Amino acid sequence: MSDVRDVIIIGSGPAGLTAAIYAARANLAPLMIEGVTWGGQLQLTTEVENFPGFVDGIMGPELMQTLRDQAARFGTEFVTDNVDRVDFSARPFRVWVGDREFRSHSVIISTGATAKMLDLPSEQRLLGHGVSTCATCDGFFFRGQEIAVVGGGDSAVEEANFLTRFASTVHLIHRRDSLRASKIMADRAAANPKITFHWNTVVDEVLGDGRVEGLALTDTTTGVSSTLPVGALFVAIGHDPNSSLFTGQLALDENGYLLTSGGSTSTSIEGVFGSGDVVDHVYRQAITAAGSGCQAAIDCERWLESQHAGAH
Amino acid sequence: MADGIVTLSDATFDESVASSDTPVLVDFWAEWCGPCKMIAPVLAEIATEYAGKITIAKLNVDDNPNAARRFDVMSIPTLIVFKDGVPAKRLVGAKGKGALLQDLAEFIA
């Protein structure tokens, strides 16, 4: 068993790493349990054009490496593995990674969100065989083919635009009659001759045995079903918060988002703070996540000080 | 191969994989794949700790499209374990060392 830390940070996207930078500079010697796929959702993106400070944009993975280096520079200690279990019912709080136990006076949760799936058996079966949630990872394998993206938000439209680098045609399938994506992204897609829109359309099934060969679709306005031959399906229908670790211990809303109170990052347990996409279902930007990570570190530092003052 | 990892290419693939006395885990990866970079250090550790039991090899899919196509790699990272030159197990996506060692248990026992 290890010594009791001042703060453990769970999750290493923009929220967690910003919290680490602030906590480390406040001499809290944070322990960051960063996960196997550290760096969060930006690791799966290409060009980030809206993070302040980068006139020409920056690649998502490069931005995350930079933030990680910055957190390390001030003394953040990293564990590159996933948390299996936490116990916030007693103090110090306890966090398990496999059979390793870590103890801490405070915890900052920044576990982010994970891409939602359609929840079709055929989608599960063909994951990695043409079904993908990562255009930047897998688009390359479908050069010259017709492929599909399902979704209508920023990430769906960004993926569709990106995939036109490889695909002959990208079919964008959306269950509504207009995009939820920001105007600049939507305009870019509308102007892209390689993107074909399928409005008011849902995916009923992914077709194919060993690999994706097509999609069974239904037009929800006419009820007419059809088959679309494509070599791949990229799923971009939104995200779910990564909060299952905390079920039964911290207050979550009906969609699983971590509840924080009073305009702060305080959760339902004093000394546990929440930041980034695991809390935020409204803005969900790298910069808002980073901002809330900063808030969490400051809230945490002040709380630790108040505990310390009370002890004397 | 200072780090104990064999670098494969389209040209050397068959010879290297077929002639190995141990199972060969081939990591299909690319420079632009974030999750591939994350598992690289895990694979390097396994290469060192299980040297003699399993050979860890990597193949850049950008430079070597033929091997990737032959084994229907459509998502990276994909790890394929070859036993006696034949694919015996296929793992898709990044995972931690613990989970990976469990998946490889039959080859490194």
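Laboratory data are not the source of any read-out in this text; all were calculated from the coordinates shown. From a predicted model like this one, the values you see are computed outputs, not experimental measurements. Virtual Cβ from ideal backbone geometry, glycine too; neighbours counted across all protein chains shown.
Numerical summary
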quantity	calculated
Share, in percent, of DSSP beta bridges within the range A:47-176 that are antiparallel, nearest 5	60 percent
Percent antiparallel among DSSP beta bridges (both partners in chain A, rounded to 5)	45 percent
Average Cα contact separation per residue, the range A:178-298, under 8 Å, 6 or more apart, as relative contact order %	12 percent
Angle in degrees between helix A:60-73 and the longest Cα principal axis of chain A, rounded to the nearest 10	10 degrees
Gain on full stretching of the segment that runs from residue A:62 to residue A:270 - 0.36 nm per residue minus C-alpha separation	71.4 nm
5 angstrom amide H check on residue A:204, placed H, neighbours 5+ away	A:216, A:217, A:218
Cys residues of chain A counted as unpaired, since no other Cys beta-carbon is under 4.7 Å	A:294, A:300
Computed lengthening from residue A:119 to residue A:261, 0.36 nm per intervening residue step minus Cα-Cα distance	47.9 nm
Charge dipole (the protein assembly as shown, unit charges on Cβ, about Cα centre) - positive-most of A:243, A:96, A:127	A:243
Pairs of alpha carbons in chain A whose separation is greater than 30 Å (percent)	39 percent
Peptide A:61-74, shielding by other chains (average Cβ, 10 Å cutoff)	1
Rounded tilt (10° steps) of A:286-310 against the dominant C-alpha axis of chain A	20 degrees
Crossing angle, helix A:14-25 versus chain A [Cα axis fit, 0-90 degrees, rounded to tens]	20 degrees
The range A:21-127: GluC sites (Glu not before Pro) in DSSP coil with no more than 14 other Cβ atoms inside 10 Å	A:49
Percent of Cα-Cα distances greater than 26 Å, calculated over the range A:184-312	51 percent
Across B:58/B:95; B:58/B:83; A:116/A:183; A:194/B:37; B:37/B:89, pairs whose alpha-carbon gap is larger than 25 Å	A:194/B:37
Within 10 Å of each Cβ in A:140-150, the average number of Cβ atoms from other chains	2
Label-point gap, in nm, between residue B:102 and residue A:254 - each point 7 angstrom along Cα→Cβ	3.4 nm
Computed FRET value (nearest 0.05) for residue B:88 with residue A:308, which takes r as the C-beta separation and R₀ as 51 Å	0.35
For the range A:102-248, the fraction of alpha-carbon pairs in successive 5 Å shells from zero, as %	2, 10, 19, 21, 19, 12, 7, 5, 3, 2, 1, 0
Helix-only mean residue ellipticity at 222 nm for chain B, each DSSP H run of n ≥ 4 adding -39500 (n - 2.57), per residue, nearest 500	-9500 deg cm²/dmol
Charge dipole (debye, nearest 20) of the range A:99-210; +1 at Cβ of Lys and Arg, -1 at Cβ of Asp and Glu	380 debye
FRET efficiency, 1/(1 + (r/R0)^6) with R0 60 Å, evaluated for residue B:22 and residue A:282 via beta carbons	0.70
Value of [θ]222 nm, deg cm²/dmol, for chain A, DSSP H segments ≥ 4, -39500 (n - 2.57) each, nearest 500	-7500 deg cm²/dmol
Label-point gap, in nm, between residue A:169 and residue B:62 - each point 7 angstrom along Cα→Cβ	3.0 nm
Distance in nm between pseudo-label sites at residue B:51 and residue A:186 (7 Å out along the Cβ direction from Cα)	5.9 nm
For the range B:11-109: rounded, prolate or oblate by the Cα gyration tensor [a/c cutoff 1.5]	oblate
Descending semi-axes in Å of the range A:108-150, equivalent ellipsoid built from Cα gyration tensor	24, 15, 8
Given charges at beta-carbon only (K, R positive; D, E negative), |dipole| of chain B in Debye	340 debye
The range B:18-80 - charge dipole about Cα centre, Lys and Arg +1 at Cβ, Asp and Glu -1, debye rounded to 20	120 debye
